[in-house]
1. Just going by the charge dipole of the chain, with Lys and Arg at +1 and Asp and Glu at -1 on Cβ, which of VAL163, PRO42, LEU243 is farthest out on the positive end?
2. When ranked by the protection proxy of mean other Cβ atoms within 10 Å per residue, highest first, what sequence do the peptides 163-175, 42-54 form?
3. Quick one: order ASP90, ASP156, ASP56 by neighbouring beta-carbon count within 10 Å, fewest to most.
4. Which of the lysines could a cross-linker bridge to LYS182, judged by Cα under 18 Å and excluding same-chain residues fewer than eight apart?
5. Treat the count of other C-beta atoms within 10 Å as a stand-in for reagent exposure and order MET87, MET192 from fewest to most.
6. Please work out whether region 157-225 counts as rounded, prolate or oblate from its C-alpha gyration tensor, where a ≥ b ≥ c are the square roots of the eigenvalues and a/c under 1.5 means rounded, while otherwise a/b larger than b/c means prolate and anything else oblate?
7. Quick one: dipole size for region 45-259, taken about the Cα centre, charges +1 on Lys/Arg Cβ and -1 on Asp/Glu Cβ, in debye to the nearest 20.
8. What is the distance in Å between the Cα centroid of region 152-185 and that of region 210-250?
Amino acid sequence: MILILRTIKWLLHLMLFSNLNIFKTLKLNFSQYPAIDALKFPILIFGSVELKILGDIEFEIIRFGVLKLGYRGSELELGCTSDVGQMQIDKGGKIKINGTSGFVWLTPGYKIFVRSNRTLNLDTSIYIGPNSRLVCSDSITIKEGFSSGWNLQILDSDAHYSVNTVTLEIQNNKLPIHLNEKVWCGNNVTLMKGCKIGEGSIVASKSLVNRDFCNDCNVILAGTPARIVKQNFTRFWFGEDYLNNYFYLNPDRKINSTDIRH
């Protein structure tokens, strides 16, 4: 009873101070889960959304607000071209969310498509920026700590087939995508079929990644197609306000990361 009252309190707070879509939130949770789990509201939907859910959304642990769809959390999301989210899971398709803490945060303008009998694997502690598109036609895995700017595209197929005009052969147009822990993608990044990115790596703005960098950790990938342009670099996740102030006062100096005040 205490848990239910606490959940209702949070829902009322979100309805008053954000654009929680209570109707779609209720409908999706109670269509996916038995009442005892639906009342925990593992899925929260914000703003307008088009839903076509014929498959499943599974959680390692069902708890409040693990999957946040369309939630605005920073000024970076204010300029997205469309607030309308879209999620389609075909029959037999599945979104599987792994992790016992943290949440999956899909910001406004998200487009998620999971084809029949395919699985989109998401760890918790993931942030996907505005106007992003994920199309899972084979298998997509995103590990914890992933973050992206706006206009991210993750596509594990070419969508259509091509034929060799000499041999008349047609090849498979799908390959799995795997993103390891703490990958950071800038804005307007495209990740194509067969893309694998190593832990702690950075993908520069407007890059296209279409091959395996899984064994290359803490690298910066840039270009179309992407290549390694720097090694031994990863995103520094803490103390950005402190760093902004420091470099405002000391634009030509460097600072050791161990001296940062979080």
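What follows draws every value from the coordinates through simple rules; no lab data is involved. In this text the structure is predicted, and so the values were computed from the model without any measurement. Here Cβ is always computed from backbone atoms with ideal geometry, including for glycine, and neighbour counts include all displayed protein chains.
1. PRO42
2. 42-54, 163-175
3. Least to most surrounded, the residues fall as ASP56, ASP90, ASP156.
4. Cα-Cα hits under 18 Å: LYS143, LYS196, LYS230.
5. MET192, MET87
6. Because a/c hits 1.5 or more and a/b exceeds b/c, region 157-225 counts as prolate.
7. Using only the charged Cβ atoms, the result is roughly 300 debye.
8. For region 152-185 versus region 210-250, the Cα centre distance is 25 Å.
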